[in-house]
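All remarks here apply to the structure that follows.
Coordinate-derived values only; no laboratory data. All figures in this text were calculated on a predicted structure; none of them were measured in a lab. For neighbour counting, all protein chains shown are included, and Cβ atoms are generated from backbone atoms with ideal geometry for every residue, glycine included.
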Amino acid sequence: MTLKTRREPAKTQQPVMELIAKRWSPKAFRLEIPKEAELISMFEAARWAPSCFNNQPWRYLVTTREDPEAFSRALACLTEKNASWVQNTPLLAFQIMRETFEYNGKPNPWSGFDCGLAMAQLILQAESMGWSVHVMAGFSRDRVREAFGVPEGFKPLVAFVIGIEGDPDTLPEDLKESEMEPRERKPLEEIVFSASWSNRMF
Ligand SMILES: Cc1cc2nc3c(=O)[nH]c(=O)nc-3n(C[C@H](O)[C@H](O)[C@H](O)COP(=O)(O)O)c2cc1C
């Protein structure tokens with residue numbers, strides 16, 4: 001399947017799956033909202049992520065422009081900078097993390113890891129259907145708690161947008177340039193070790 005994107009695919013050191021090479025985090029989005037069946041596929045993909053003790057600590061709060069009141073309530077939780085571009089997107093959601101194991105009520109140190117895996121699956125499923133996802137840490141956890149009645153024991157972990165890549169000219173001036181900056185990563189030599197720490201594997 002050929003995925004449409006205005007970005008060049010990542011310049012990877014070795015070939016990787018097309019979905020991974022083409023995924024990126026746009027800020028300019030079109031206003032179309034994913035259909036319910038498409039959203040179900042994305043959350044279904046997230047649902048099947050592995051997790052410690054199969055605890056499945058991920059929960060989601062989703063708002064779309066179809067419900068402008070809820071969408072504005074979500075938008076008001078973001079930092080000013082994030083809100084400046086997210087206000088022109090179709091869907092704003094939060095991933096909420098259960099902090100304890102269900103089987104014994106003790107703190108689960110792997111909840112964040114599990115939620116990250118679920119988000120990666122959601123992102124790749126979305127990408128495979130032509131949708132992009134942009135994850136954000138720039139929001140107020142307390143505001144999300146208050147605005148959406150998140151119960152004790154659950155922590156708002158990340159905010160995210162789902163939409164179709166849009167025209168960078170619709171972005172505020174200060175964000176236009178960064179939208180097309182080259183995407184970079186640390187080389188494998190710096191991140192994979194063998195036999196001992198800093199002894200590069202590749
Ligand atoms: C946990 C997390 C928090 C992030 N927070 C923000 C954010 O607050 N605002 C933003 O514009 N992008 C945010 N990003 C997006 C990253 O900046 C982006 O993924 C990174 O620069 C790599 O670019 P790429 O996703 O296009 O490969 C966040 C990503 C992650 C995973």
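Points to keep in mind about this one:
- Where the alpha-carbon atoms of the range 30-169 are placed on the principal axes, they occupy 50, 32, 22 Å, in descending order.
- Summary of the geometry: the range 59-117 and the range 132-174, compared by the centres of their Cα atoms, lie 6 Å apart.
- Shape call, the range 104-202: gyration tensor on alpha carbons, a/c limit 1.5: oblate
- Under 14 Å from the Phe202 label point (7 Å along Cα→beta-carbon), backbone N, the range 165-194: 185-194
- Gain upon complete extension [Phe148, Asp67; 0.36 nm per residue less C-alpha separation]: 27.8 nm
- Only Cα pairs under 8 Å and 6+ residues apart enter the sum, and on that basis the relative contact order of the range 33-144 stands at 37 percent.
- Flagged links, alpha-carbon separation over 23 Å, of Lys27/Lys81; Lys81/Lys176; Lys11/Lys81; Lys106/Lys155: Lys11/Lys81
- For Gly166, distant residues with modelled amide H under 5 Å away: Ala28, Phe29, Arg30
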